[in-house]
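So the structure is just underneath, and the comments pick up after that.
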Amino acid sequence: MTFPHLDLAANAHDRAGVHRVDQEWLDARWADPESRVLVIAGTRLRPVGGALSWVSPADAPDGLRVLLGERDGRAWFAVLVEPDRAPGERGDWVGLRAVLPQLADTAAGDAPLVFHAMGLAEWHYATRFCPRCGGPLTAAAAGHELRCGGCGKTQFPRTDPAVIMLIADGRPGSRGERCLLGRQPSWPPGRFSTLAGFCEPGESLEDAVRREVAEETGVVVGEVSYFGNQPWPFPQSLMLGFTGRAASRDIAVDGDELEDARWFTRAELAEGAASGRLLLPGYLSISRSLVEDWYGGPLPGTW
């Protein structure tokens, strides 16, 4: 099988980290009309004609210049502007989720560049003062560092590791094997997904899988295996996919993170998805890939 979530990591760019402190190189690339710039207002983007608009440096507004790197023989930047200084109408600007389908469809494979830019934009937007002394922060290293003018401490962009897992019971591949899916209280009727949660300090990823499943559903998990990963800047996560085997089967949902969790056979997944009674994760998420890998092929329907 091919997994759609991997498409969002295809055609990755050279991040050109050695040039982040080379001002002469940065100035030369900014002066090059072939360089491309993504403008971000706070944490929002502005599609033009249904597609994200990369502009030349000459057409970019004033703001914080962030080097994304090099690809296809040109340099790529983002410019971060305050929302109240963004060009155009406020309604023109949308969140990243609104352009995900377009990112997956684009032949250019811009998703890694956009995810890089949005991850930094979220960090800059949320990190205004030094967490150690409360002093003012100044951007450095082409937007990849923030340095405190008070205590001198340097801050670096955050990436929060989150585990996401497909837990199965029964004999692998057997007709009686089932997978465990849950639903949050805020979701519309019929929507179910794989379980997920953030890794805590001092915790291995495998233990995070076991802990999250036990906390949310009461199911005990034994063997855990790595599946794959997906950058997910909502706002700054890295989704680490796993599969696991259940050592118990009784479900007791926590009533907080989840309002329901169920075991599904392959036949129940197929029938529910085909009828529309079961709404599975979107095609671009690693959650969908985990489900379809376990199922053994594509499934109809999506959120």
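Around Gly244, what is the net charge, scoring Lys/Arg as +1 and Asp/Glu as -1 over all other residues with Cβ under 12 Å from its Cβ?
That sum, taken over residues with Cβ under 12 Å, equals -2.
Using only alpha carbon pairs under 8 Å that are at least six residues apart, calculate the relative contact order of the stretch 4-126 and give it in whole percent.
Reported relative contact order: 33 percent.
May I ask you to sort Met239, Met165, Met118 by Cβ crowding, counting other Cβ atoms within 10 Å and putting the fewest first? Don't jump to the answer; show the numbers that get you there.
On the way: Met239 20, Met165 28, Met118 24.
The most exposed by this proxy come first: Met239, Met118, Met165.
Using just the helices of the chain, give the 222 nm mean residue ellipticity in deg cm²/dmol: DSSP H runs with n ≥ 4 each add -39,500 (n - 2.57), and the total is spread over all residues, rounded to 500.
-6500 deg cm²/dmol
If you take every DSSP beta bridge fully contained in the chain, what fraction is antiparallel? Give it as a percent rounded to 5.
75 percent
State whether the stretch 1-113 is rounded, prolate or oblate according to the following rule on the C-alpha gyration tensor (a ≥ b ≥ c being the square roots of its eigenvalues): a/c under 1.5 gives rounded; otherwise a/b larger than b/c gives prolate, and the remaining case gives oblate. Present the calculation step by step, with values, prior to reporting the outcome.
Details: a/c = 2.02, a/b = 1.09, b/c = 1.85.
Oblate, because a/c is 1.5 or more while a/b does not exceed b/c.
Report ³J(HN,Hα) in whole Hz for each residue of the stretch 112-129, in order, from the Karplus equation J = 6.51 cos²θ - 1.76 cosθ + 1.60 where θ = phi - 60°; Gly and Pro get x.
x, 5, 5, 4, 4, 5, 5, x, 6, 5, 4, 5, 5, 5, 8, 10, 9, 9
So how far, in whole Å, is the C-alpha centre of the stretch 109-136 from the one of the stretch 185-233?
First find each Cα centre; the distance between them is then 25 Å.
Rounded, prolate or oblate: which one fits the stretch 61-127, using the alpha carbon gyration tensor with axes a ≥ b ≥ c (rounded when a/c is under 1.5, else prolate when a/b beats b/c, else oblate)?
oblate
Taking the beta-carbon count within 10 Å as an exposure proxy, list Cys199, Cys133 from fewest neighbours to most.
Result, fewest neighbours first: Cys133, Cys199.
So how far apart, in nm, are the two label points at Val18 and Leu205 if each is 7 Å from Cα heading toward Cβ?
2.9 nm
As an exercise, use a Förster radius of 35 Å and the Cβ-Cβ distance of Thr154 and Val253 to find the FRET efficiency, rounded to the nearest 0.05.
The calculated FRET efficiency here is 0.25.
From the phi angles alone, apply the Karplus equation (6.51, -1.76, 1.60; θ = phi - 60°) to the stretch 138-143 and give each ³J(HN,Hα) in whole Hz, x where the residue is Gly or Pro.
Once θ is set to phi - 60°, the couplings for the stretch 138-143 become 10, 5, 9, 6, 6, x Hz.
Cα gyration tensor of the stretch 160-295, axes a ≥ b ≥ c as square roots of the eigenvalues: rounded (a/c below 1.5), prolate (a/b > b/c) or oblate?
rounded
Can you compute 3J(HN,Hα) from phi for each residue in the stretch 12-25, using the Karplus curve 6.51 cos²θ - 1.76 cosθ + 1.60 with θ = phi - 60°, rounded to whole Hz and x for Gly and Pro?
4, 8, 6, 6, 6, x, 5, 9, 5, 10, 9, 5, 4, 5
Which label marks the calculated value of percent of Cα pairs over 31 Å apart, given the options [x] 39; [y] 29; [z] 49?
Working out percent of Cα pairs over 31 Å apart from the coordinates points to [x].
Taking only C-alpha pairs under 8 Å that are 6+ residues apart, what is the relative contact order of the stretch 99-213 in percent?
After rounding, I find 15 percent.
Give me the percent of DSSP beta bridges within the stretch 4-126 that run antiparallel, rounded to the nearest 5.
Antiparallel bridges: around 70 percent, rounded to the nearest 5.
Relative contact order for the stretch 160-295: what percent, with Cα pairs under 8 Å and sequence separation of 6 or more?
32 percent
Here, each number is a calculation from the coordinates, and none is a lab measurement. In this text the structure is predicted, and so the values were computed from the model without any measurement. Cβ: placed from backbone, ideal geometry, glycine included. Neighbour counts: every protein chain shown.
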